[in-house]
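Asker: Before anything else, here's the structure in question.
What follows draws every value from the coordinates through simple rules; no lab data is involved. For clarity, every value in this text was computed on a predicted model and none was experimentally measured. For neighbour counting, all protein chains shown are included, and Cβ atoms are generated from backbone atoms with ideal geometry for every residue, glycine included.
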Amino acid sequence: MGNTPATGGGGSSCSTSTIIAEKSTGSHILRVDGFSGTKGLGVGKSLNSGTFTAGGHSWYIAYFPDGEDEECADWVSVYLHLDRPGPGAKDSAAVKARFEFSLQDRNGCPVSSYRKKSSAVTTFSLADGARCSGHKKFIQRKDFEWL
């Protein structure tokens, strides 16, 4: 016995599917008043923003005025941290996001030379330790002082 394909009927069929990716945006302004007062905190030590909600999830920004490590001690480092996934999501949920850090001058105007976007979608997860992403060398400290 073998399989014999069905023939006949003369009709053809076609089906389609649609995938709709949910997308939301948000923004947060972290103001550093008195940068000189934050210098000297120490390499690897951060000041954290308050938590904020974007895309339904809770986030905060870690600001390292003396750099994240010795390699970038003359730089300001900034990182976006997932504080917790949104309501209804498990703490082990993976959260995907694109993000951008941009600097504003004292008048609140963007400084285009200090605008850095994530190069791709980043996956944040509390379960596997991938809870943050950012820039080790966001701006040199000497340049930050004059803004």
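Asker: What ranking do C72, C14 get, fewest neighbouring Cβ atoms within 10 angstrom at the top?
Answerer: C14, C72
Asker: Still on this structure, I have one more. Show me, for region 35-40, the HN-Hα J-couplings you get by feeding each phi into the Karplus relation (A = 6.51, B = -1.76, C = 1.60, θ = phi - 60°), rounded to Hz, glycine and proline as x.
Answerer: Coupling constants for region 35-40: 3, 4, x, 9, 5, x Hz.
Asker: Now for a different question. Relative contact order of region 35-146: what whole-number percent is it, with Cα pairs under 8 angstrom and at least 6 residues apart?
Answerer: About 26 percent, as a whole number.
Asker: Would you mind ranking S77, S46 so that the residue whose beta carbon has the fewest other beta carbons within 10 Å leads the list?
Answerer: Ranking S77, S46 by Cβ neighbours within 10 Å, fewest first, gives S46, S77.
Asker: Tell me the mean residue ellipticity at 222 nm calculated for the chain from its helices only (DSSP H runs of n ≥ 4, each -39500 (n - 2.57), averaged over every residue, nearest 500).
Answerer: -1500 deg cm²/dmol
Asker: Output needed: percent of Cα pairs per 5 Å distance bin for region 35-146, bins running from 0 to the one holding the longest distance.
Answerer: Pair shares across the bins are 2, 12, 19, 22, 20, 13, 8, 3, 0.
Asker: Placing +1 at every Lys and Arg Cβ and -1 at every Asp and Glu Cβ, with all other atoms neutral, what dipole size does the chain have around its Cα centre, in debye to the nearest 20?
Answerer: 300
Asker: Using the Karplus equation 6.51 cos²θ - 1.76 cosθ + 1.60 (θ = phi - 60°), what ³J(HN,Hα) coupling, rounded to whole Hz, does each residue of region 132-146 give in order, writing x for Gly and Pro?
Answerer: Here the 3J(HN,Hα) series is 9, 7, x, 10, 5, 10, 6, 8, 5, 4, 4, 6, 5, 5, 7 Hz.
Asker: Once the dipole of the chain is set up with Lys and Arg at +1 and Asp and Glu at -1 on Cβ about the Cα centre, which of V95, L47, G67 lies farthest towards its positive end?
Answerer: V95
Asker: Within 10 Å of each residue's Cβ, count the other Cβ atoms and sort L47, L82 from fewest upward.
Answerer: L47, L82
Asker: Follow-up question, since we're still on this one. Put +1 on the Cβ of each Lys and Arg and -1 on the Cβ of each Asp and Glu in the chain; which of V32, P110, F124 then has its Cα farthest toward the positive end of the dipole?
Answerer: In the chain, that residue is P110.
Asker: Sticking with this one: Suppose R0 equals 22 Å; then what is the FRET efficiency for V43 and K117 from their Cβ-Cβ distance, rounded to the nearest 0.05?
Answerer: 0.25
Asker: Taking amide H positions as placed 1.01 Å from N in the peptide plane, with prolines and chain starts having none, which residues 5 or more places from R98, or on another chain, fall under 5 Å of its amide H?
Answerer: T122
Asker: Still on this structure: Under the rule of at least 5 residues apart or a separate chain, name every residue whose amide H is placed under 5 Å from the amide H of S58.
Answerer: Residues meeting the amide H criterion: D83, R84, G86.
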